[in-house]
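Right, one structure below, let's go through it.
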Amino acid sequence: MAQIVSDVELNEISAEMDLLHIDVETDVVEDRPGREDAGCSRNVLRKQRNWERQLAAKKNKRKEEKQRRKLNREQESGATADTPQFTKRVMKAIIRERLAEAQSTGLKLCVDLSMTDSMSDKEVSRLAGQLRRLYGSNKKAIRPFHLFLTDLREDSRLYRECIRMNDGFLNYMIDVTEESCLDLFPPETIVYLTPDAEEALLTVDADKVYVLGGLVDESIQKKLSFSRASELRVHTARLPIDEYMVKKNNSKNFHSKILAINQVFDILLTFCNTGSWTEAMHTWFPQGKGYVVAQEDSQPHPECQTRA
């Protein structure tokens, strides 16, 4: 009898489950006509999310633009001590803006790369590294130079080495050309910087184009850059090392005025920003060359012209 009752109860439970199953299916069927409405709702939500993302992106862009202008103002005024940290994206935008402005209004400097055929592979690699450091200094400058790499052929060893050694070389904001500086500028505007020149460079003129001889010579052949300048028949000048520095006693009695092109560029760049050769020499002239600054220069040179 107990078994019969259990079977009856089971039958009742099964019937109730069947009814429940029917109710569920009915609910599902009744919901189907609303799928189009649900799809429309999802489209509305997706559009709203896209709009919100665009709004947030615009807001972030305005914020970065505000930070960029603020940093430019602070660096122009010299108030950089408490400058807040900016994102890499903002800093890249600032750098590109300054380099673009320099290509319109900046002081012009060429690196004459016509002498690389006489250099060894090791010397060519060293020159490619110096060009990378020179460009890096220009990127960091508040008032960068407008840079030109002249006499640089795409089929040359140096060009291939620059691409191999220097990440992003093809994207450098530098004018690269196979032409010489004489093809680009009038000869009377060119000042070729060479350590063998008689005249010292005491001022930097915005109307002039300054040229560095792109040369690494481990054999120390004398007057190569001076000979190149004479061949071009342009004005020459040297850094005022004798005027602002003196020889320092050392055990090897070694003294040299021969600098890498990036070192010459750093000295020029600092002088143009500070007006002081003393500060420029003290900051960038290598100590191992056997020279020290002769005296402190309390006042900047008013002759320094960094803009036309």
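The values are calculated or read from the model by the stated rules, or taken from the named source; none is laboratory data. Not measured: the values here are computed from a predicted model. All Cβ positions, glycine included, derive from the backbone under ideal geometry; neighbour counts span all protein chains shown. Surface areas here come from the heavy atoms of the whole protein model, side chains and all, with no ligands, DNA or RNA. Shrake-Rupley method; radii C 1.70, N 1.55, O 1.52, S 1.80 Å.
Net length available on complete extension from Asp205 to Val176 is 8.1 nm, with 0.36 nm assigned per residue and the Cα-Cα distance removed. Protein heavy-atom surface of the range 166-274, 1.4 angstrom probe: 46% of the accessible area is carbon and sulfur, with nucleic acids and ligands not counted. For Leu224, the accessible surface of its heavy atoms amounts to roughly 50 Å² (probe 1.4 Å, protein chains only, rounded to the nearest 10). The solvent-accessible area of Trp284, taken with every protein chain present and a 1.4 Å probe, is close to 100 Å². In this structure the amide hydrogen of Phe185, modeled in the peptide plane, comes within under 5 Å of no amide hydrogen from residues 5 or more places off or on another chain. Sorting Ile95, Ile267 on solvent-accessible area from highest to lowest, probe radius 1.4 Å, gives Ile95, Ile267.
Amide H contacts of Thr236: Tyr192, each under 5 Å away and 5 or more positions distant or on a separate chain (H built 1.01 Å from N in the peptide plane; Pro and chain starts excluded). Amide H contacts under 5 Å for Tyr172: none, restricted to partners 5 or more places along the chain or on a different chain, H placed in the peptide plane at 1.01 Å from N. Close Lys pairs in the range 129-286 (alpha-carbon distance under 15 Å; sequence gap of 8 or more, or different chains): 4. The orientation-averaged projected area of the convex hull spanned by the Cα atoms of the range 178-252 comes to 6.6 nm². First measure r as the distance between the Cβ atoms of Ala56 and Ala100, then evaluate 1/(1 + (r/R0)^6) with R0 = 41 Å and state the FRET efficiency to the nearest 0.05. Working from the Cβ atoms, E equals 0.90.
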